[in-house]
Every structure is written in structure tokens, then in C-alpha cells.
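Read the structure below first, then the notes.
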Amino acid sequence: MRINRLDKTVNIKETEVTAILITETENLELALLGAETAKFIKEYALTENFTGKAGTILSMPYPSNPSKKIILAGLGKKKANLNEEIRTATFNVVKTATTKENISITIYCDNATDKETSKAIAEGATFATYKFDKYILKEKDEHRIPEEINIYDANLEGINEGLILAEAQCYAKDIANEPGNIITPQTLAAKALALADEENLECEIWNEEKIINEKMGAYTAVARGSANAPRFIQVTYKPDTKEKGHIVLIGKGLTFDSGGLDIKPADYMTTMKGDKSGACAVLGAIKAISKLKPSWKVTVIIAAAENMPGGRAYRPDDILTARNGKTIEVNNTDAEGRLTLADALAYASELKPNIIVDIATLTGACAVALGTNTAGLFTNDDKLGEKIIASGKSTGERYWKLPLDDPELRKSLKSPFADLVNCGERYGGAITAAMFLEEFVAEEIKWAHLDIAAADFIKTPKTYYSKGASGFGTRTLISLIMQL
Ligand code: BES
Ligand code: MN
Ligand code: ZN
């Protein structure tokens with residue numbers, strides 16, 4: 001699929017599909033299409049009760065050539081930021097338009113000269129072409145991709161950036177959608193290596209022996225119960241010019257989470273292939289970063305492991321020593337993500353970056369608190385928090401700040417036998433998990449933790465998402481770095 005800019009000065013390109021993204025208040029200003037066509041569209045919309053409500057779509061024949069189609073896609077009420085509505089409308093247009101192979105679509109949208117508008121159109125179109133169906137061999141649904149999309153009076157930079165962002169997110173989804181028998185810590189490391197190779201990034205992979213030597217006692221404990229050995233993955237982007245700063249992105253990379261000896265009930269174990277979604281998001285982010293070339297150095301860290309109840313598994317009551325020297329009493333082997341992140345955070349702190357952001361499918365409690373469409377945000381730096389929320393607004397990914405300062409909750413991390421337990425009380429579970437992580441971040445470093453549990457997986461299709469991995473957070477991280 002190519003996405004082109006249709007120049008304002010050239011005549012309208014009569015493609016198979018002409019799509020118009022339109023708000024409710026817009027009085028269908030369609031002069032571009034000629035008075036007669038405009039009149040036809042207005043009347044058709046009127047009889048079909050199409051008013052431009054967000055998410056609605058109306059398809060009609062082109063009056064002068066009924067083999068061609070006109071599609072109206074609603075954006076809802078006119079407002080300052082319509083990017084999310086534009087992504088959804090474009091997604092719907094592309095899905096509706098591709099009834100046969102090699103279709104060519106022309107899209108009209110008010111303000112396409114604006115970079116963010118063109119970006120949103122390119123993103124929505126790309127998401128419409130995403131499908132994870134490689135394992136369906138029989139009776140596969142038709143999956144057609146348009147040949148070209150022409151955006152009238154578009155912003156070229158916006159198209160380019162939108163493609164990079166959406167492709168990064170689709171890349172994250174592709175890995176997250178793979179099951180645990182395909183993506184293990186080893187194969188995840190191979191993906192990271194392949195990515196680094198392709199994008200000219202540095203990459204270092206540590207095996208179990210090396211990880212043990214590096215004194216990552218919390219992380220290695222989690223990995224012990226699996227026949228699939230852990231891999232500690234580091235990918236680095238370095239700017240060509242002088243570095244303005246250094247940010248570390250840490251993604252939770254549990255290629256499968258059975259719960260370990262504190263095994264999960266069956267209903268809670270399905271979708272746990274998605275427990276590597278944080279890792280996928282940071283890999284997607286650095287893929288885009290290598291193309292967008294910000295002036296910050298970016299390091300991606302993934303402590304990849306599989307949480308299984310094998311004979312070598314870590315046990316409840318075990319006492320572990322993390323890389324920063326703190327001891328942890330295990331009171332629940334299913335609170336494993338924070339143990340892998342503890343060592344990753346301690347290691348990242350030693351690199352002395354300006355900022356660390358971790359992203360993790362960490363707690364069911366966060367999903368209970370915020371639902372599946374909003375991620376929890378915890379930070380020791382309000383300005384960083386504001387930047388993440390703002391990046392989320394521009395990408396359509398929602399974050400809500402939760403507290404780290406409740407002294408009563410913090411007490412539940414106390415252990416009679418070690419410095420900490422890995423699992424606090426049930427109430428406030430997302431918060432105590434974040435407080436646990438904070439114990440492993442050097443105080444002077446700005447840090448944010450994003451809990452994407454359940455936001456990582458789309459159960460019921462919505463906006464521009466179909467069922468499966470969402471790739472949540474990928475675009476937020478990219479847009480954050482591009483704003484630093
Ligand atoms: N990976 C899960 C969290 C999770 C739950 C992600 C639902 C996505 C959807 C995590 O490792 C976990 O098992 N958390 C436990 C923590 C508990 C033992 C304190 C949970 O949420 O139940
Ligand atoms: Mn778990
Ligand atoms: Zn987990």
C-alpha cells in the first residue's frame with residue numbers, strides 16, 4: 001500500500017473510491033467534487049440520515065460512474081483535536097472500500113495540510129491493513145490491502161511519520177500475538193537481534209550464566225521454573241550528533257506467565273502469552289526511533305523469561321537478592337513481573353540515564369481500577385508524567401496517574417525476614433506493585449512506570465483495533481521521546 005499526497009493544484013483524481021472524512025457541523029462543503037456531485041452527496045446523506053456522527057460510515061455510488069464509490073465517514077462534533085476520530089474514520093473507510101483487490105482510494109479531510117491530521121490518516125489506514133492470520137491455513141477470511149491511498153492536500157512529513165508510528169505498533173502487535181511456544185526468551189532475543197541488524201542499532205544478549213554472574217537474583221529466580229532459559233536483551237540507539245540526553249525504556253518480557261508454583265486458574269492463564277507486551281512495545285518504539293532519529297540516546301532493556309512451575313522453579317518463601325543488594329521474600333510466585341523488572345531497573349539505574357520508563361502488563365488490579373482502555377501511570381517526576389499524558393492524548397492512548405505516596409500501603413511490602421516481600425496486600429495492588437519497583441530505581445533518576453495490564457489485549461474490537469494484541473504504549477513512547 002502506497003500513501004500519496006494529492007496536490008491541491010492538480011485535478012481531482014478519480015479513483016475507485018472517493019472518501020470524505022467529515023464532522024457533524026460541517027455543512028458538507030464538497031465544492032471540490034463539482035456542484036452536481038456535491039448536491040447528490042448531500043441528498044443521499046439526508047435520505048440515509050447520515051449526519052457525520054463519529055464512527056459512522058455511508059457508502060454510495062458515484063453519480064457520474066456508478067461502478068465507483070463515494071464513502072462518507074463521520075468525525076463527530078468539530079473540536080481542536082480530532083486525531084483519534086480521524087484514525088477511526090480512515091480505518092473504517094479502508095475496511096469498507098477494499099471489497100476487491102488493488103483498489104485505489106482518494107481521501108478528503110479538512111486540514112490535511114496539518115501534520116497531525118495527515119499522520120492520523122496514515123495511521124488509521126495502516127491499522128486497517130493489519131491482520132494476524134498466519135496460522136489460519138483453511139478457510140482464511142479474505143484480507144485485501146488497497147493499492148494506493150491518495151490524501152488530498154496532505155502533509156508529506158505527517159504521512160511519513162504516521163507510517164513509521166503505525167508500522168512500529170503493528171510490529172509490536174505481531175510479536176505480542178505470537179503464542180508462548182513460538183516466542184520464548186530465546187526467540188524474543190532473536191527478534192531483537194534481527195531488528196537491530198535491520199535498523200543499524202547496537203544489540204547485546206546475555207544468557208542465563210551471564211545473568212547469574214551479573215547478580216540479577218530476582219530475575220533469574222523467576223526464570224528457573226522454565227525449560228526455556230532467560231535472555232537479558234539490550235538494544236541501543238545512538239544519535240549521530242551530540243546526545244541531548246539518555247532515556248532507558250524497559251519492557252516486561254514474560255513470554256508466558258503461568259503464575260509459577262502459585263499457578264493461575266485456567267481462565268486467568270489464557271491471554272498470558274500477552275505478558276510480553278511491554279517488551280513488544282519498547283521494541284516497536286526503538287524501531288521507529290531508529291528512523292525518526294531523535295537527539296536522545298535510547299536504550300531498550302528486556303529481562304525476558306518464562307514463568308513456569310518446573311522442578312527448578314522458585315518457591316513461595318524463597319528469599320532472593322536483587323542486583324542492588326536488596327533482599328526479597330517471595331510470597332507469591334505470580335507476582336513475577338516486578339522481580340524481573342527489579343533487576344532491570346537496578347541495572348538501568350547504573351547506566352545513569354536522565355529518564356527511565358518501564359512498561360508492563362503488571363497487575364490485574366490496575367485493570368480492575370481503570371478498565372481495559374486506560375493504563376496506570378506512576379512517576380517520581382510530575383513533569384515527566386505530564387509529558388506522558390500529553391503524548392498519550394496525541395496518540396489516543398489514555399493514562400491515569402495513580403499515587404506512590406501512601407505510607408499505609410507501603411507498609412504492606414514489609415517482610416519479617418527480608419527487606420521486602422514481592423507482593424503487598426490485595427487492595428491497591430497496582431500501587432504496591434509500583435512501590436515495589438520504586439525500590440530499585442536510583443533516587444536521582446526521573447522514572448515512570450506504565451501498567452498496561454489488560455490494555456495490551458483487545459477482546460472486543462473497538463475504534464481502529466481488531467481482536468488480539470493492541471500494541472498499547474508503542475506510539476506514546478515514540479512521541480514522548482520525540483518531544484524531549
Ligand atoms: N501478568 C500478570 C498481570 C496481568 C493480569 C496482566 C491480567 C494482564 C492481565 C501478573 O504477573 C500477575 O500475575 N499479577 C498478579 C499479581 C498478584 C499475584 C499480586 C495479579 O494481578 O493477579
Ligand atoms: Mn503473574
Ligand atoms: Zn505476569
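Would you tell me the accessible area of C203, worked out with a 1.4 angstrom probe on the heavy atoms of the protein chains, in Å² to the nearest 10?
In the full protein context, C203 sits at about 40 Å².
Once both labels are modelled 7 Å past Cα along the beta-carbon direction, what's the S295-T460 spacing in nm?
In this crude spin-label approximation the distance works out to 4.7 nm.
If I take the Cα coordinates of segment 324-447 and project them onto the principal axes, what are the three extents in Å, biggest first?
That works out to 46, 34, 24 Å along the principal axes.
Compute the length gained on full extension between D197 and K383: take 0.36 nm times their separation in residues and subtract their Cα-Cα distance, giving the result in nm to one decimal. Before the final figure, lay out the partial values.
On the way: separation 186, 0.36 × 186 = 66.96 nm, distance 3.46 nm.
Gain on stretching D197 to K383: 63.5 nm.
Quick check: residue separation of L351 and Y427 times 0.36 nm, minus the Cα distance between them. What number comes out in nm?
Gain in length upon complete extension: 23.9 nm.
Report the convex hull volume per residue for segment 88-182, counting only C-alpha atoms, in Å³. Walk me through the numbers on the way to the answer.
Working: hull volume 9.2 nm³, N = 95.
So the per-residue hull volume is 97 Å³.
Mind giving me the nanometre distance, one decimal, between the label points for D133 and N331, set 7 Å out from Cα along Cα→Cβ?
Once both label points are built, they end up 4.9 nm from each other.
Using a 1.4 angstrom probe, figure out how much accessible area segment 349-467 has per residue, in square angstrom, rounded to the nearest whole. Let's see the in-between values first.
Values: 5540 Å² over 119 residues.
Here the per-residue accessible area is 47 Å².
Cβ neighbours within 10 Å, averaged per peptide: list 48-61, 426-439, 374-387 in order, most packed at the top.
426-439, 374-387, 48-61
Mind pulling the per residue volume of the convex hull built on the Cα atoms of segment 158-215? Å³ is fine. List each step's numbers first, then the result.
Working: hull volume 6.2 nm³, N = 58.
In segment 158-215, the Cα hull volume divided by residue count equals 107 Å³.
Would you mind getting me the FRET efficiency between A390 and A227? Use the beta-carbon distance for r and R0 = 45 Å, nearest 0.05.
Working: r = 44 Å, r/R0 = 0.97.
Approximately 0.55, to the nearest 0.05.
Report the full-extension gain for the segment D114 to E444: residue separation times 0.36 nm, less the Cα-Cα distance, to one decimal in nm. Present the calculation step by step, with values, prior to reporting the outcome.
On the way: separation 330, 0.36 × 330 = 118.80 nm, distance 3.88 nm.
Fully extending the segment from D114 to E444 adds 114.9 nm.
Accessible surface of L193 in the full protein assembly, 1.4 angstrom probe, to the nearest 10 Å²?
Rounded to the nearest 10, that gives 90 Å².
Counting only other residues whose beta carbon sits under 9 Å from that of E147, what net charge do I get with K and R as +1, D and E as -1?
Local net charge: -1.
Over the Cα atoms of the chain, each weighted equally, I'd like the Debye log10 I(q)/I(0) at q = 0.08, 0.10, 0.12 Å⁻¹, rounded to two decimals.
For the chain at q = 0.08, 0.10, 0.12 Å⁻¹, log10 I(q)/I(0) is -0.50, -0.75, -1.00.
Output ³J(HN,Hα) for segment 371-388: one whole-Hz value per residue in order, computed from phi by the Karplus curve 6.51 cos²θ - 1.76 cosθ + 1.60 with θ = phi - 60°, and x for Gly and Pro.
x, 9, 10, 9, 9, x, 10, 10, 7, 9, 9, 4, 5, 4, x, 4, 5, 5
Per residue, what accessible area does segment 103-260 have, given a 1.4 Å probe and all protein chains present, in Å²?
On a per-residue basis, 41 Å².
With n ≥ 4 as the cut-off for DSSP H runs, can you work out [θ] at 222 nm for the chain, using -39500 (n - 2.57) per run divided by the number of residues, rounded to the nearest 500?
That calculation yields -11000 deg cm²/dmol at 222 nm.
Tell me the label-point distance for the pair L484, K242, using the 7 Å Cα-to-Cβ offset, in nm and rounded to one decimal.
Distance between label points: 1.7 nm.
Counting only protein heavy atoms, what percent of the accessible surface of segment 1-136 is carbon or sulfur at a 1.4 Å probe?
51
Quick check: the angle from helix 185-199's long axis to the longest principal axis of the chain, C-alpha only, nearest 10 degrees?
50
On a 0 to 90 degree scale, rounded to 10, what angle separates helix 337-350 from the longest Cα axis of the chain?
Roughly 90 degrees, rounded to the nearest 10.
How large is the translational diffusion coefficient of segment 124-253 in µm² per second when you combine the Kirkwood radius over alpha carbon pairs with Stokes-Einstein at 4 °C and 1.567 mPa s?
71
Taking all protein chains together and a probe of 1.4 Å, list K77, K291, K462 from the most accessible to the least accessible. All intermediate terms of the calculation are to be shown ahead of the outcome.
On the way: K77 130, K291 95, K462 65 Å².
Per-residue accessible area, sorted high to low, gives K77, K291, K462.
Between N102 and D141, what's the calculated FRET efficiency when r is the beta-carbon distance and R0 is 22 Å? Round to 0.05.
Efficiency computed from Cβ-Cβ geometry: 0.75.
To test your reading of the geometry: what angle, between 0 and 90 degrees and rounded to tens, separates the Cα axis of helix 429-438 from the longest principal axis of the chain?
So the inclination is approximately 70 degrees.
Quick check: at a probe of 1.4 Å, how many percent of the accessible area of segment 341-484 sits on carbon and sulfur atoms?
55
Please report, largest first and rounded to whole Å, the three semi-axes of the ellipsoid equivalent to segment 1-110, where each semi-axis is the square root of five times an eigenvalue of the C-alpha gyration tensor.
One finds semi-axes of 19, 17, 14 Å for segment 1-110.
The values are calculated or read from the model by the stated rules, or taken from the named source; none is laboratory data. Remember, predicted model here, so these are calculated numbers, not experimental data. Here the Cβ is made from the backbone with ideal geometry for all residues, glycine too, and neighbour counts use every protein chain on show. Note: accessible area is taken over every heavy atom of the protein model, side chains too, but ligands, DNA and RNA are not part of it. Shrake-Rupley method; radii C 1.70, N 1.55, O 1.52, S 1.80 Å.
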